[in-house]
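Heads up: the structure comes next, in structure tokens.
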Amino acid sequence: MLPSLAVLVSFGLVVALLTITPGLDTALVLRTAAVAGRRRAWGAVAGIQAGTLVWGAAAAVGVSALLLASQLAYDVLRVAGAVYLVWIGLRMLWSAIRGGTHGDPVLDTRADSFRAGLRQGALTNLLNPKVGAFYVAVLPQFIPASAPHLSWGLALAGVHVLLGTIWLGTLLLLARSFRGWLQRRTVARWIDGVAGTVITAFGVRLALEP
């Protein structure tokens, strides 16, 4: 038994608000689409959505709940995620200051690799325990106790993935439409500066949260 259309629509309304709220995923995809190649940008979108599916499945079977119940496990994931985000953000800021990304396997615009974007998007999502906390808080409200939790969790997370792909894909295409202007040296440095600041701030906030 899978969720009814009414349940899927109700859950979709909840995650739609989360999806369109500017945040880490938006900053990562816009920066990648504007400065890096198309394949890498779509890889980042796919990685983010793959992470969403993993969190949805984990929350459905109780893994995320166990993670949140263990302060040590949560802190380890939180600190790892914070370090990763700060590392990425500071590299973008350094790129903005230096005026180029050549030689940097993380930021090099020549590395137009779907796999590189997939890896970066997935790590960014999976190392963010707030996504798991969201699913632990929300999924129980939509999954009946007698329902098969894993299939329901994947179905509901699939709605989130669909909406996220549409939204991030739209932003990606818009950024790509202006790519000629966005790749100008001054503009690219400004984009790296803004995206680096946002991502670093997310990492610091994640590290300092109680």
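The values are calculated or read from the model by the stated rules, or taken from the named source; none is laboratory data. Worth saying up front: this structure is predicted, and the values here are computed from it rather than measured. Here Cβ is always computed from backbone atoms with ideal geometry, including for glycine, and neighbour counts include all displayed protein chains.
Residue under question is D104, and the condition is that it be modelled with pLDDT of 80 or more, of a type in the set (D, E) and more than 30 Å from S146 (Cα to Cα); does it hold? Here the answer is no, as D104 does not meet what is asked.
If the condition is being more than 23 Å from L90 (Cα to Cα), in a helix (DSSP H, G or I) and not hydrophobic (A, V, I, L, M, F, W, C), then segment 1-37 contributes S10, G12, T19. Scanning segment 137-158 for residues that are assigned to a helix (DSSP H, G or I) and either aromatic (F, W, Y) or surrounded by fewer than 22 Cβ atoms within 10 Å (Cβ to Cβ) (or both) yields a count of 12. Which one is farthest from A96 (Cα to Cα), of the residues in segment 1-26 that are at pLDDT 85 or above and under 14 Å from the mean Cα position of the chain (by Cα)? Among them, the one singled out is V15.
A search for C-beta distances below 6 Å between a residue of segment 17-40 that is in contact (Cβ under 8 Å) with a residue 24 or more places away in the chain and any residue that is of a type outside the set (V, I, T) and part of a loop (DSSP other than H, G, I, E, B), counting only pairs 6+ apart in sequence or on different chains, returns G37/D112; R39/D112; R40/D112; R40/S113.
On the basis of being under 17 Å from S151 (Cα atoms) and more than 12 Å from the chain's Cα centre (by Cα), does S70 make the cut? Judged against the criteria, S70 is not a match.
Of all the criteria given as (1) β-branched (V, I, T); (2) over 18 Å from the mean Cα position of the chain (by Cα); (3) over 24 Å from E209 (Cα atoms), the one not satisfied by V76 is (3). Put simply, of D75, D112 the only residue that is modelled with pLDDT of 80 or more, acidic (D, E), over 14 Å from L24 (Cα atoms) and out of contact with any Asp or Glu (no Cβ under 8 Å at 6 or more places or on another chain) is D75.
When segment 5-24 is limited to residues that are under 30 Å from L85 (Cβ atoms) and hydroxyl-bearing (S, T, Y), the one that is surrounded by the most Cβ atoms within 10 Å (Cβ to Cβ) turns out to be T19.
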